[in-house]
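Report on the structure given below.
The values are calculated or read from the model by the stated rules, or taken from the named source; none is laboratory data. Keep in mind that this is a model prediction, so the values were computed, not measured. Every residue, glycine as well, gets a Cβ built from its backbone with ideal geometry; the counts of neighbours run over all protein chains shown.
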Amino acid sequence: MSASDIQGEFEHQVLLATLRLGENAFTAAIVVELEERTQRSVSPAAVYVALRRLEKKKLVRSELRTGDQPGRLRERRFFVATEDGVVALRESRQRLGRLWEGLESVLAEG
């Protein structure tokens, strides 16, 4: 698996949020995490589609779990980053880091 298996900025963000949330990563929690960290509105449907694409690429895996709150019978699909997903993020970070090198003075705020 390589960083090129993650398509686009949004899939990167969804995979990072999934990794950050650990075993508590389900669509609604990922939406909240993304909105808080990116300061942008995020569509739950877009997150779900991205998660399914990432799962198809084996960068995340999922399982259905029943809620752990009393009286809560609804099942939720929880996602967790796979080792391939972590490797892809690591490679992506290294590649982006090399692109950012030397641009500090150009991008510095005035």
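The table for this structure:
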| item | result |
| --- | --- |
| Residue selected from segment 1-29 under the condition modelled with pLDDT of 95 or more and of a type in the set (Ser, Thr, Tyr), by the criterion surrounded by the most Cβ atoms within 10 Å (Cβ to Cβ) | Thr18 |
| Criterion (part of a strand (DSSP E or B) and either in contact with a strand residue (DSSP E or B) (Cβ under 6 Å, 6 or more places away or on another chain) or not polar (S, T, N, Q) (or both)) met by exactly one of Leu64, Leu54, Leu96 | Leu64 |
| Pair list, Cβ < 9 Å and 6+ apart or interchain, from segment 84-108 residues that are polar (S, T, N, Q) to residues that are surrounded by fewer than 13 Cβ atoms within 10 Å (Cβ to Cβ) and part of a helix (DSSP H, G or I) | Ser92/Ser4 |
| Any pair with Cβ under 8 angstrom, 6 or more apart, that starts in segment 5-25 at a residue that is within 15 Å of Val80 (Cα to Cα) and ends at one that is among the acidic types (Asp, Glu) | Ala17/Glu33; Arg20/Glu33; Leu21/Glu33 |
| Pairs where the first residue, in segment 30-43, is surrounded by 13 or more Cβ atoms within 10 Å (Cβ to Cβ) and the second is not in a helix (DSSP H, G or I), C-beta under 6 Å, 6+ apart | Val31/Val42; Leu34/Val42; Glu35/Val42 |
